[in-house]
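Everything on this sheet refers to the single structure shown next.
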Amino acid sequence: MRFSEKLCLQTNKLFKKPVHPFNLNNDHRKTYAEWQFEKGHDTIKNYTAVTTTDAMFKDKNVLDIGCGAGGKTVFYASLGAKHTTGLEILEKYRDEAESLAREKGYGDRFTFVQGDAADMPFDDNSFDTIIMNDAMEHVDDPLATLNECYRVLAEDGKLYVNFPPYYHPYGAHLSDAIGFPWVHMFFSEKTLINVYKELVKDLPDGKDRIEFRISKDDHGEEYFSYINHMTIARFHKILPRTKFKVRYYREIPLRTVVVPLAKLPLFKEAFVKMVVVILEK
C-alpha cells in the first residue's frame, strides 16, 4: 500500500461518516427506498421557497431522473401527481421500488423504467414536471440529458434541477465509506479508488459498491465512473447550449458563516452546498 493510501486511511479515522442509505440498509435499519421516501421533502424544499407542491405535482405527469430505489418518486405520487415515472440506469432497484409503491398505496401511479437519461424511451411532450434531484452530477452526458429533458417535457413544463458541486465537502460521493470532507482535494483519484476498495471490500454489499462506482477506461485504467465532476462553472457553460428558459437560479452556501466565500468565483465551488435551478420549456 502506498504512503498516500495509508495517510488517507489514517486521516479518515478522525472523521465521522455522514448517515448514508447503503450503511442503513446493511445494518437492517432502513431500506434504500424507505430512506428516500422519508427524505422526500428534503429533495424539494429548495423549490417550495419559490413555488408550491401543487404547482410542481398536483395532477401532473412527473418524471424523476436518477430515481434509485424509487422512494422519492413514490413520495412525489403522495403529493397528488397523476402519475410518477422513475428513470434509473440500474435495473437492480426495480423490485424494491415497485414494492414500496405498492406498500404506500401508489402502485397504480408509479412506473419504474430502466434507461439512460441521455436517450430516454419516452415520447415527446410526455411529462409536465421533471425532477433531477442529485442526478446532474452523475449522468454521463449532461448536455444530451438536458436536451432529452427538453424533448420529453410538455409545453410550459418545468425541469427542477439541484446538485452539489464537485468540490463540495462530500462532492466525491464517497461518504458511505469516507467521512473526510474535501478528501478529493487532497488525494488523487487513484489513491481514493484504492482506499475506497479497502474500506468496503469486506462489507456485505462491498462488491456491488465497487462495481457501481468504479469502471475502467479504454486504456484499462480505473476511474470513478458514477460521477462526472460537475462544477458550477461547467454547468454555466452547458446551460446556455440548451433551449430552456431559466425561471429560478440559486447557489446555497454551506453555512451562513461562509456566505462571503460562497460568492467568490474561485471559492464558491468548495463552499456552495447546492445549486438549485428551475428551467421551463
I'd like the Karplus ³J(HN,Hα) series for region 83-91: coefficients 6.51, -1.76, 1.60, θ = phi - 60°, whole numbers in Hz, and an x wherever there's a Gly or Pro. 7, 10, 10, x, 9, 9, 6, 9, 5
If each residue of separation counts as 0.36 nm, what is the full-extension length gain between residue 198 and residue 11 once their alpha-carbon separation is subtracted? 65.9 nm
Accessible area expressed per residue, region 212-256, with surrounding protein chains retained (probe 1.4 Å, Å²): 65
At 7 Å along Cα-to-Cβ for each site, give me the label-to-label distance between residue 4 and residue 59 in nm. 5.8
Normalising by the residue count of the chain, find the relative contact order in percent from Cα pairs under 8 Å and 6+ residues apart. 18
For a quick check, take a GNM of the chain with Cα springs below 10 Å and name the residue from 258, 161, 113 with the largest mean-square fluctuation. 258
Based on the Cβ-Cβ distance of residue 208 and residue 38, what FRET efficiency does E = 1/(1 + (r/R0)^6) give at R0 = 22 Å, to the nearest 0.05? 0.50
For the chain, the Cα convex hull volume per residue in Å³ comes to 140
Through the Karplus equation 6.51 cos²θ - 1.76 cosθ + 1.60, θ set to phi - 60°, convert the phi angles of region 153-158 into ³J(HN,Hα) values in whole Hz; use x for Gly and Pro. 7, 5, 4, 6, x, 10
Relative contact order of region 94-157, defined on C-alpha pairs under 8 angstrom at six or more residues apart (%): 36
Give me the extension gain from residue 52 to residue 143: residue separation times 0.36 nm, minus the current Cα-Cα distance, reported in nm with one decimal. 30.0 nm
How high is the FRET efficiency from residue 266 to residue 103, r the C-beta distance, R0 51 Å, rounded to 0.05? 0.60
Computed FRET value (nearest 0.05) for residue 256 with residue 78, which takes r as the C-beta separation and R₀ as 35 Å: 0.65
Pulled fully out, how much extra length does the chain show between residue 237 and residue 155, if you take 0.36 nm times their separation in residues and subtract their Cα-Cα distance? 27.1 nm
Take the cross-link list 6/92; 16/104; 30/58 and give me the ones stretching past 31 Å between alpha-carbons. 6/92; 16/104
Of every hundred units of 1.4 Å-probe accessible area on the chain, the number belonging to carbon and sulfur atoms, as a percent, is 51
Whose amide H sits under 5 Å from the amide H of residue 86, counting only residues 5 or more places off or on another chain, with H placed in the peptide plane? 64, 111, 112, 113
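The values are calculated or read from the model by the stated rules, or taken from the named source; none is laboratory data. Please read these numbers as outputs of a predicted model, since none were measured by experiment. Quick reminder, even Gly has a Cβ in these numbers, built from the backbone with ideal geometry, and neighbours come from all protein chains shown. Accessible surface is based on the protein model in full, side chains and every heavy atom, while ligands, DNA and RNA are left aside. Shrake-Rupley method; radii C 1.70, N 1.55, O 1.52, S 1.80 Å.
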